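Inspection log for the structure reproduced underneath, given as structure tokens.
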């Protein structure tokens, strides 16, 4: 994507670590927040750059279509605000009724969390799951069928 096709003139961090966008009219906007339209199902598609007032300043159709500098900057900012550990293994559950405490291994280490109800396990396409803990942390399961037999057996009790 050439610079002339960008939905903004410039994007950088200021001395306070805030994202600053220079729009096509040359106006500076400090405290910009990038927001993915579909962070789980289509993380590369649809990123909105939202101003401190909550209004959209720019729309990016594909993150991968940006030049390296702005793309890396936005990926870093998005990575800092999106925390979706990947569930790799279900170690144990304290009960098969909800609420229940789960001990799991994730790509970020082992953790215990509380599943309030079966409705907190969202089925997505192609065997993917999104599990929300009682604290609002969303855990991804990229392919429930690829989990080990023990994990699948425990998980099936809740699906």
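All of the numbers you see were taken from the coordinates with simple rules; none came from a lab. Small disclaimer: the values here were computed from a predicted structure and weren't measured. All Cβ positions, glycine included, derive from the backbone under ideal geometry; neighbour counts span all protein chains shown.
Given points 7 Å out from each Cα along the Cα-Cβ axis, report the residue 40 to residue 114 separation in nanometres with one decimal.
2.2 nm
Between region 78-113 and region 1-76, what is the separation of their alpha carbon centroids in Å?
What the calculation gives is 31 Å, centre to centre.
Which shape class applies to region 3-81: rounded if a/c is under 1.5, otherwise prolate when a/b exceeds b/c and oblate if not, where a ≥ b ≥ c are the square roots of the Cα gyration tensor eigenvalues?
Rounded shape, in that the Cα axes give a/c under 1.5.
Report the extension gain between residue 138 and residue 55 in nm, rounded to one decimal, defined as 0.36 nm multiplied by the number of residues separating them, less their alpha carbon distance.
27.3 nm
Helix 68-81 against the longest principal axis of the chain: what's the angle in degrees, Cα atoms only, rounded to the nearest 10?
Helix 68-81 sits at roughly 40 degrees to that axis.
Could you calculate the contour length gain from residue 83 to residue 15, that is, 0.36 nm times the residue separation minus the distance between their Cα atoms, to one decimal place in nm?
Using 0.36 nm per residue and subtracting the Cα-Cα distance, I get 22.0 nm.
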